[in-house]
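**Student:** Okay, here's the structure, questions in a sec.
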Amino acid sequence: MRRIHELKTAPIYYESVVLRQKTAEVRLDDRGYQVGDLVELYPWTEALGRIGTNSIVREITFILHADEGPWLSPGHVMLCFGDPA
């Protein structure tokens, strides 16, 4: 079953996702991400918390796990995403 993961992201990265310039995120592998799941990203800063009510939804299309190569620290994944189907 497809899940929705709500994720905080820095405003500068949020805008890049909205503009489809940024199509991947490195995250802790702490949510059981699966290909086909949705991520709902919203702008957030430590000082202000959530900024506004904007969010963007993307579908996870590929997951690179830390044990698949030397690129990621243990316990992390790279989530690749595109527009939801």
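**Student:** Considering only residues of the stretch 7-35 that are surrounded by fewer than 13 Cβ atoms within 10 Å (Cβ to Cβ) and of a type outside the set (A, V, I, L, M), which is farthest from Ser73 (Cα to Cα)?
**Tutor:** Step by step, filter the stretch 7-35, then rank; the result is Arg20.
**Student:** Something else now. Please work out if Leu7 is in contact with a helix residue (DSSP H, G or I) (Cβ under 7 Å, 6 or more places away or on another chain), on the phi < 0 side of the Ramachandran plot and assigned to a strand (DSSP E or B).
**Tutor:** Criteria not met by Leu7.
**Student:** Moving on. Of all residues in the stretch 37-85, how many are loosely packed, with under 12 Cβ neighbours inside 10 Å and hydrophobic (A, V, I, L, M, F, W, C)?
**Tutor:** 4
**Student:** Search the stretch 36-85 for residues being of a type in the set (Ser, Thr, Tyr) and more than 16 Å from Lys8 (Cα to Cα), and hand back the single one that is modelled with the lowest pLDDT.
**Tutor:** In this case the residue turns out to be Ser73.
The values are calculated or read from the model by the stated rules, or taken from the named source; none is laboratory data. Note that this is a predicted model, so its numbers are computed, not measured. Positions of Cβ are generated from backbone atoms using ideal geometry, with glycine treated the same way; all protein chains shown enter the neighbour counts.
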